[in-house]
Amino acid sequence: MSSTDTAPLLTKSRATDDLEAGLDALDTVVVQRTPFTQTLRQKVLPPALAVVLVLVLWQVAFSLKLADSYKLPSPGMVLDSLKDLWYQGTLFSIIWTSLWRGGSGFIASVIIGTPIGLLVAQVKPVRAAVGPILSGLQSLPSVAWVPAAVIWLGVNDQAMYAVILLGAVPSIANGLISGIDQVPPIFLRAGRTMGATGLAGARHVLLPAALPGYLAGLKQGWAFSWRSLMAAELIASSPDLGIGLGRYLENQRESIDMPGVMLGIVLILFVGIAIDLLVFSPVERRVLRNRGLLAHNR
């Protein structure tokens, strides 16, 4: 064969190699570490400025006497309440009491809600029977369970955990169901071909494929756990329960201590935001980054 005959073949081979290299480049997820200054500018500075703006507007409203001071305390008065808790040595115990209950209840909700979600998502008769109930329970305000839990179990930690479970389990189960519904059927067929059936298929194929939706359900489940706990602590009162954030908030209301009330609200908000930023957001970013779904600005 002459050199003129081999030239088209070489050109075609080179074009094929270039195409394969381009496809490989598309499949490759390039992970670049964001510089600290950029992270500070994009992630820390905006919320910090938003907090400063809220505090300034709050102080302006107080200075203009838009409401009586016993209704609208200044940020400084709330800070004084925080200092009082600090000097009394009760600040961290109050936060820890609620955080321990909320975290323990959330873990129990995950253990219970995950198999329920798998069962409902995979078995059609169970889905037809239980699916609407889960949706209805998710929309039911958690505070509605407090009186029933107190009558059933008494004013104790068991009643608190029951309210958390009833509020969080439906959200976690529904999140997993939604994630499984979005799994491409070819993944399941490939898993069965390789022998991943039953529990093995759920562990190695179904759950990893449904992970983004499952994580969304976990985040919502934590939110429901925290809100359910605050509702239970606000209503149920007993020396055996100790003082959590919800009970502290109600105690300040009974004392007509508006700075203390505002402090309780701020602490509840702070803990909820901190858990999301320190636990769920990093896990979510890692999962999305590993799947090449993370935008450059996140």
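Key figures
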item	result
Residue check for Leu23: at pLDDT 90 or above and outside the structural domain of Met262 (by TED's automatic domain parsing)	no
Filtered residue count, region 92-146, keeping only those that are aromatic (Phe, Trp, Tyr), surrounded by fewer than 16 Cβ atoms within 10 Å (Cβ to Cβ) and under 18 Å from the mean Cα position of the chain (by Cα)	1
Any chance Leu66 is at negative phi and in contact with a Leu (Cβ under 8 Å, 6 or more places away or on another chain)	yes
Residue selected from region 254-280 under the condition surrounded by 14 or more Cβ atoms within 10 Å (Cβ to Cβ) and of a type outside the set (A, V, I, L, M, F, W, C), by the criterion farthest from Lys71 (Cα to Cα)	Asp276
Count of region 246-267 residues which are in contact (Cβ under 8 Å) with a residue 60 or more places away in the chain, in a helix (DSSP H, G or I) and hydrophobic (A, V, I, L, M, F, W, C)	5
Residue match in region 172-181 (condition: in a helix (DSSP H, G or I), closer than 30 Å to Leu241 by Cα and at pLDDT 70 or above)	yes
Residue pairs meeting the criteria (Cβ under 8 Å; at least 6 apart or on separate chains; first part of a helix (DSSP H, G or I), in region 273-290; second exposed (fewer than 12 other Cβ atoms within 10 Å of the Cβ) and aliphatic (A, V, I, L, M))	Arg289/Val29; Arg289/Val31; Asn290/Val29
Pairs where the first residue, in region 134-152, is assigned by TED's automatic domain parsing to the domain that holds Leu118 and the second is surrounded by 12 or more Cβ atoms within 10 Å (Cβ to Cβ) and at pLDDT below 85, C-beta under 8 Å, 6+ apart	Val146/Ala236; Val150/Ala236
Qualifying helices (runs of 4 or more DSSP H) (wholly inside region 41-129; at least 3 residues being in contact (Cβ under 8 Å) with a residue 24 or more places away in the chain and within 29 Å of Ser225 (Cα to Cα))	75-88, 91-122
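Per-residue answers, yes or no, for (1) polar (S, T, N, Q); (2) modelled with pLDDT of 85 or more; (3) under 28 Å from Ser171 (Cβ atoms):
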position	(1), (2), (3)
Lys43	no, no, yes
Phe62	no, yes, no
Phe92	no, yes, no
Val110	no, yes, yes
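The values are calculated or read from the model by the stated rules, or taken from the named source; none is laboratory data. Treat the numbers as computed from the prediction; the structure is a model and nothing was measured. Cβ sites come from the backbone with ideal geometry, for glycine too, and all protein chains shown count toward neighbours.
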